[in-house]
Amino acid sequence: MAVAVRGIRGGGSGGINGGLRAFFSHRIFISATFTLLFLATLSALFSPHPHHHPSLPSSGNAYVQRTFLAIKSDPLKTRLDLIYKQANDHMTLVNAYAAYARKLKLDISRQLRMFDELDKNLTDLPLKPSYKSSLFEPGSDVDEDVLRQFEKEVKEKVKVARLMIAEAKESYDNQIKIQKLKDTIFAVNELLIKAKKNGAFASLISAKSVPKSLHCLAMRLVGERIAHPEKYKEEGYKAEFEDPSLYHYAIFSDNVIAVSVVIRSVVKNAEEPWKHVFHVVTDKMNVAAMKVWFRMRPVEGGAHVEINAVEDFSFLNSSYVPVLKQLESANMQKFYFENQAENATKDGSNMKFRNPKYMSMLNHLRFYLPEMYPKLHKILFLDDDVVVQKDLTGLWKVDLDGKVNGAVETCFGSFHRYAQYLNFSHPLIKEKFNPKACAWAFGMNIFDLDAWRREKCTEHYHYWQSLNEDRTLWKLGTLPPGLITFYSRTKSLDKSWHVLGLGYNPSISMDEISNAAVIHYNGNMKPWLDIAMNQYKNLWTKYVDNDMEFVQMCNFGL
């Protein structure tokens, strides 16, 4: 061949084939060949619009008629017509695919360039002087040797065209499939996000609402007090409540049966239960039920239980406590109490913080322990969703090295660092705290109350809580202000003292759980709810006082 395909190195038809073998797959060659031959044949026989060469009819009935006439006069001329028509048809297909590629704006500039070059070569081939004078001049005889060379070049270019078209067709089909798949994935992801929001909101309602069984239990306990007031007269003061030589616990909750489980689990695993004192604080609505329960079901082993309402601590008022002052503001009430369901589903990431319990004094009482129990030196704080599995007296013997708070750290890798709980884009937070500092768990904390008073931690808490009225320093809850209040004032305890996650993590090792002194059902799947995880529930239910008549009557289903 005399003319090379422009844009492909090496020149000549051999260079084209060599470059394309690296670019196209040969696995589709056979199917593409038959498909394109079929299209070319249909085009030749049924095209309604003739396309004329200066010396040859090339389509429609005129082409068929001239072909039959040529058979009688010159077989080589007929052969030339067929070869030229084949080249012309493939040139048309090449142009169509090139236009299609441009229309889709695919990032295949090399492929587009090759289509253009092939189209140019096919167009220029009949115009080469050696072919034009010997094959296409009117009235000239066809030179068989030139015709054979022309046929060879046309076949080579047709082969290249078929490879390119087949590869392009597969590429465009794949692009369409990929786009459809992307659209499907996007639609499914939107549905998933919506389902997650709805599921999280339903879980939140389930977790934070009072189950019928708990409501029943509280009502029956209050009814018992009303029916038999003489049996439930107020008990007098006990010296054990202020004896610093005993082991003191603080439990703040409005859940009667949860408090009962915590205390029973402590006592049953204590070596000297009579030395343990439990300070239970609840709200005014539940204090009567709490007192009746522990009068009807006294704690075993001689342990002592003191029950008070938040309202019994007169210093806890809005003029002293920032949380109570903030809760009186119109903006805070609007945030919590107006259109909660609508706001929650719109703002899934902050939904769990839009619960008034995060501003409840029962949650924030933990920051006032030194003032609530002024004669004590140490106290162990327990959440109401924990179960104690071992004797805890060793915690009072832990040397806190002058720190205020003894707690189990929860960070591993980059998880549960201060950066996850505090807003480090705020200059005050960024200036005072290290975002990589390790967080720790609230729920089982041994507090040195003397060190607390010395460090003035409650004042420190008030300062930061007042600054966060607009919720720009941290989201709601007690852990972020706890991390701030006891920053650099916390001693890390061995992790076996406190294992967390039984209220949301189904994959905690049973060996880790069995070796733990305290297990914590933090999360929404509390053990007294129907949504609790079955593999952990029995660890809680075995401490439920099922012999208590009201537990049976209220159908806890445990």
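The values are calculated or read from the model by the stated rules, or taken from the named source; none is laboratory data. Worth saying up front: this structure is predicted, and the values here are computed from it rather than measured. Using ideal geometry, Cβ is built from the backbone for each residue, glycine included, and neighbour counts are taken over all protein chains shown. The protein model used for the area step is the full one, side chains on, heavy atoms only, and it has no ligands, DNA or RNA in it. Shrake-Rupley method; radii C 1.70, N 1.55, O 1.52, S 1.80 Å.
Each label point is 7 Å from the Cα along the Cα-to-Cβ direction; what then is the distance between the points at GLN420 and ASN555, in nm?
Each label point lies 7 Å from its Cα, and together they span 4.0 nm.
Rank these residues by their accessible area, most exposed first, probe 1.4 Å: SER425, SER466.
On the way: SER425 100, SER466 65 Å².
Heavy-atom accessible area, descending, gives SER425, SER466.
On a straight-distance basis, which lysines could pair with LYS77 in a cross-link, Cα separation under 29 angstrom, same-chain partners fewer than 8 positions away excluded?
By straight Cα distance, LYS77 reaches LYS85, LYS120, LYS128, LYS132, LYS152, LYS155, LYS157, LYS159.
Can you put ARG113, ARG471, ARG489 in order of accessible area, largest first, using a 1.4 Å probe? Don't skip to the end; give the middle numbers.
Working: ARG113 120, ARG471 75, ARG489 45 Å².
Listed by decreasing accessible area, they come as ARG113, ARG471, ARG489.
Provide GLU469, GLU409 ordered by accessible surface of protein heavy atoms (probe 1.4 Å), highest first.
Output order, biggest surface exposure first: GLU469, GLU409.
Choose one of ASN522, VAL551, THR472: the residue whose Cα lies farthest towards the positive end of the charge dipole of segment 462-558 (beta-carbon charges +1 Lys, Arg; -1 Asp, Glu; about the Cα centre).
After comparing all options, I get THR472.
Hull surface divided by four, with the convex hull built on the Cα atoms of segment 243-292: how many nm²?
On the way: hull surface 15.0 nm².
Orientation-averaged projected area of the Cα hull: 3.7 nm².
Just the Cα atoms of segment 272-315, one point each, no solvent: what log10 I(q)/I(0) does Debye give at q = 0.15, 0.24, 0.32 Å⁻¹?
Evaluating at q = 0.15, 0.24, 0.32 Å⁻¹ gives log10 I(q)/I(0) of -0.40, -0.83, -1.10.
What does the accessible area of MET290 come to, in Å² to the nearest 10, when a probe of 1.4 Å is used?
Counting only protein heavy atoms, MET290 exposes about 0 Å² to solvent.
Once neighbouring chains are kept in place and the probe is 1.4 Å, which whole percent of the accessible area of segment 449-558 is contributed by carbon and sulfur?
47
Roughly how much of ARG225 is accessible, in Å² to the nearest 10, using a 1.4 Å probe?
Estimated to the nearest 10 Å², ARG225 gives 70 Å².
Please give the solvent-accessible surface of THR92 in Å², to the nearest 10, using a probe radius of 1.4 Å with every protein chain present.
Surface accessible to solvent at THR92 totals approximately 80 Å².
Give the peptides 182-190, 259-267, 159-167 in descending order of average Cβ contacts within 10 Å, highest first. Working shown, then result.
Values: 182-190: 10.0, 259-267: 23.7, 159-167: 21.9.
Ranking, from highest mean packing down: 259-267, 159-167, 182-190.
Could you give the accessible area per residue of segment 445-558, probe 1.4 Å, as a whole number in Å²? Present the calculation step by step, with values, prior to reporting the outcome.
Values: 5010 Å² over 114 residues.
Here the residues of segment 445-558 average 44 Å² of exposed surface.
Quick one: pull the percent of accessible area on segment 203-317 belonging to carbon and sulfur, 1.4 Å probe, ligands and nucleic acids left out. Display every interim value, and only then the final one.
On the way: 2840 of 5350 Å².
Reported share for carbon and sulfur atoms: 53 percent.
For every other residue with a beta carbon closer than 9 angstrom to the beta carbon of PHE447, add +1 if it is Lys or Arg and -1 if Asp or Glu, then tell me the sum. Before the final figure, lay out the partial values.
Details: positive: ARG366, LYS378; negative: ASP448.
That sum, taken over residues with Cβ under 9 Å, equals +1.
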